[in-house]
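Here the structure is laid out as structure tokens; the discussion comes afterwards.
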Amino acid sequence: MDSASTYDDPAPVRGHASRAPRALATEAVHAGRDDLARQGLHAPPIDLSTTYPSYDSRAEAARIDAFATDGADPAGPPVYGRLGNPTVARFETALARLEGTGSAVAFASGMAALSAVLLARAATGLRHVVAVRPLYGCSDHLLTAGLLGTEVTWTDPAGITDALRPDTGLVLVESPANPTLAELDLRAVAHACGTVPLLADNTFATPVLQRPAELGARLVLHSATKYLGGHGDVLGGVVACNEEFAGQLRKIRFATGGVLHPLAGYLLLRGLSTLPVRVRAASATAAELAHRLTADPRVARVHYPRLGGAMIAFEAYDDPHEVVSRVRLITPAVSLGSVDTLIQHPASISHRVVDEGDRRRAGVSDRLLRLSVGLEDVDDLWADLDRALGVL
Ligand SMILES: Cc1ncc(COP(=O)(O)O)c(C=O)c1O
């Protein structure tokens, strides 16, 4: 059983054994699986237990007390699925290694992950958040509506330091941002935050293209639903951070219940193993498509990050709703980061919940279309876009 590894191993799956650093591509296929060969296994087992037997309630009480103190994974057998799960822990270990952080904590979705961070900060009395637009529409909405009792100040990167208050608990940015692909100098942003933790949403770049923790971000968030899973068949979220923050997030996760299902944990771990290959291949195709779109007279503007990546945003002269309606190979759907190419109209879908004026001021025009480039052949994708763009 999977859990055997976490009981017997003094440096369980979460531990960072002392050994030479490994390249990202190697970590992607081996991290979170280091104990498997010793167990006589090749594929990671899936532990679906919701609870775990214990004939020693005193020991279980001590483990629960220890968890309540700092949120550290209790030593010994797991207690209950909401406290932690060995299969999910493998994904957390792997993602932490890829992002270069001490720990990572997985959640049921990207929004559950963001909610846990906000609640963890608010629990210490720091309810004020400074954020830079654009953000993913629902992240914007969560902050703007104050659904979790937080208060937000929106600013541009140059205004971050001035926006900080004694009760500021978090600075939140995305780079490249959803959906405009606007890029920030994360090192400069982290510097501007002073002692306030910076959360960088790294969903679009992935650790293959950018490791925000190395640039000063204390929290790195992913909608794992996107590139980490990579196949459009699993919802998840994760925060990579140091162990102290991770403990706070595990306590919030335990109390609020936004856990990642073990099957999702398995799929996300599997997704990580091909992440570098998928991101690099899709990025090469996206760079070529961005180039062709830029040269096309039917296209008014193209946004493609200097960093690279598999996302493109563009404005066509034709009605964006018409363009979306004409694709055949590309799927007209929200979300991103799958093996197949998706297109959507942010003003109608991903950023619909953002106030119209705020949306436009953040550069999300009514004409903007967002393309998530997959692994199809570049000429087949171009043929579909060429048809969708219509005649001049
Ligand atoms: C950049 C970004 N962050 C967070 C989220 C939220 O993630 P989820 O849909 O997994 O809750 C999304 C979803 O589209 C996103 O694009």
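A short reminder: the numbers here are calculations on the coordinates, not readings from a lab. Keep in mind that this is a model prediction, so the values were computed, not measured. Please note: Cβ atoms are built from the backbone with ideal geometry, for glycine as well, and neighbour counts cover all protein chains shown.
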Seminar exercise, completed: Residue by residue through the range 174-186, the couplings from Karplus 6.51 cos²θ - 1.76 cosθ + 1.60 with θ = phi - 60°, in Hz, x for Gly and Pro, are 10, 7, x, 8, 8, x, 7, 6, 4, 10, 10, 7, 4
For this session: Enumerate the calculated ³J(HN,Hα) couplings along the range 30-40 in order (Karplus 6.51 cos²θ - 1.76 cosθ + 1.60, θ = phi - 60°), each rounded to whole Hz, writing x wherever the residue is Gly or Pro.
Result: 10, 4, x, 10, 4, 8, 4, 4, 4, 8, x
Seminar exercise, completed: The set of residues whose placed amide H lies less than 5 Å from the amide H of Thr153, leaving out same-chain residues fewer than 5 positions away, is Val129, Val130, Ala131
Problem set entry | Between helix 57-70 and the chain: long-axis angle, C-alpha atoms, 0 to 90°, nearest 10 | 40 degrees
For this session: Given the peptides 191-198, 324-331, arrange them by the average over their residues of other C-beta atoms within 10 Å, most packed first.
Result: 191-198, 324-331
Seminar exercise, completed: Note: the chain, point scatterers on Cα, Debye, no solvent; log10 I/I(0) at q = 0.09, 0.11, 0.14 Å⁻¹ equals -0.53, -0.78, -1.19
Exercise. By per-residue mean of other Cβ atoms within 10 Å, what is the highest-first order of 253-262, 211-220?
Worked result: 211-220, 253-262
For this session: Mind jotting down the three principal axis lengths of the range 23-167 based on Cα atoms? Whole angstrom, largest first.
Result: 55, 42, 23
Exercise. Using the alpha-carbon atoms, what tilt in degrees (0 to 90, nearest 10) does helix 86-99 show relative to the longest principal axis of the chain?
Worked result: 50 degrees
For this session: Output the antiparallel fraction of DSSP beta bridges having both residues in the chain, as a percent to the nearest 5.
Result: 55 percent
For this session: Rounded to whole Hz and in sequence order, give me ³J(HN,Hα) for the range 134-146 from the Karplus expression 6.51 cos²θ - 1.76 cosθ + 1.60, θ = phi - 60°, writing x for Gly and Pro.
Result: x, 10, 3, x, 6, 5, 4, 4, 4, 6, 4, 7, x
Exercise. Could you put Arg22, Arg367, Arg63 in order, starting from the residue whose Cβ has the fewest other Cβ atoms within 10 Å?
Worked result: Arg22, Arg367, Arg63
Exercise. What order, most packed first, do the peptides 345-357, 269-281 have when packing is the mean number of other Cβ atoms within 10 Å of each residue?
Worked result: 269-281, 345-357
Problem set entry | Where N is the number of residues in the range 114-187, Cα Rg divided by 2.2 N^0.38 Å | 1.05
Exercise. For the range 153-272, treating each Cα as an identical point scatterer without solvent, what Debye log10 I(q)/I(0) comes out at q = 0.13, 0.19 1/Å?
Worked result: -0.56, -1.10
Problem set entry | Taking the chain and dividing mean pair separation by its residue count, relative contact order in percent (alpha carbons under 8 Å, at least six apart) | 17 percent
Problem set entry | Whole-Å semi-axes of the range 239-278's equivalent ellipsoid (Cα gyration tensor) | 24, 15, 6
